[in-house]
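Quick notes on the structure that follows.
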Amino acid sequence: MLSRHRLPRDNNSTFGGDGMTIVWVVAGVMLTAAAAVTMIRLLAGPSTLDRLVAVDTLVAVTMCSIGTWAAFTLDTTVTYSLAALSLISFVGSVSVARFRVPDTSPEPR
């Protein structure tokens, strides 16, 4: 009996055949490269705001990775983590934007 959430697969190849295997590999490489570049910005960012934008970007890349994994495995249970991560990321971004302290002190007038 088949589950409602999964499509039948061949045992010899991934879903969609060899063409989709290339797409999954390219997506994985691009997401890994995006995470690496974002980590470099996070570590080397000269200001606090650069680091905060890098953290938001890293969360977005993580969400894309989870969505890609859900599409690859045809498993919908991980989509709950996408909703939770997006809500936490939004609240974090708004609160950081609201309560961020400038990096340098203002010049006296």
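The values are calculated or read from the model by the stated rules, or taken from the named source; none is laboratory data. These numbers come from a predicted model, not from an experiment. Here the Cβ positions follow ideal geometry from the backbone for every residue, glycine too, while neighbour counts run over all protein chains shown.
Below is a table of values for the structure above.
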quantity	calculated
First in the stretch 9-27 and among the aromatic types (Phe, Trp, Tyr), second anywhere and at pLDDT below 80, Cβ under 6 Å, 6 or more apart	Phe15/Arg9
Selection count where residues are surrounded by 13 or more Cβ atoms within 10 Å (Cβ to Cβ), closer than 22 Å to Pro102 by Cα and more than 16 Å from the chain's Cα centre (by Cα), scope the stretch 23-47	1
Condition broken by Arg100, with the remaining ones in (1) farther than 22 Å from Val23 by Cα; (2) surrounded by 13 or more Cβ atoms within 10 Å (Cβ to Cβ) satisfied	(2)
Qualifying residue in the stretch 88-95 (condition: under 21 Å from Thr32 (Cβ atoms) and modelled with pLDDT of 85 or more)	yes
Pairs where the first residue, in the stretch 36-48, is more than 18 Å from Thr104 (Cα to Cα) and the second is among the charged types (D, E, K, R), C-beta under 8 Å, 6+ apart	Arg41/Asp50; Arg41/Arg51; Leu42/Arg51
Residues of the stretch 15-36 that turn out to be at pLDDT 85 or above and either within 15 Å of Ser65 (Cα to Cα) or of a type in the set (Phe, Trp, Tyr) (or both), as a count	14
Any hit, the stretch 59-74, residues being touching a residue at least 24 places away in the same chain (Cβ under 8 Å), outside any helix (DSSP H, G or I), within 25 Å of Thr21 (Cα to Cα) and out of contact with any helix residue (DSSP H, G or I) (no Cβ under 6 Å at 6 or more places or on another chain)	yes
Of all residues in the stretch 75-104 being in a loop (DSSP other than H, G, I, E, B) and of a type outside the set (Val, Ile, Thr), the one that is nearest to the chain's Cα centre (by Cα)	Asp75
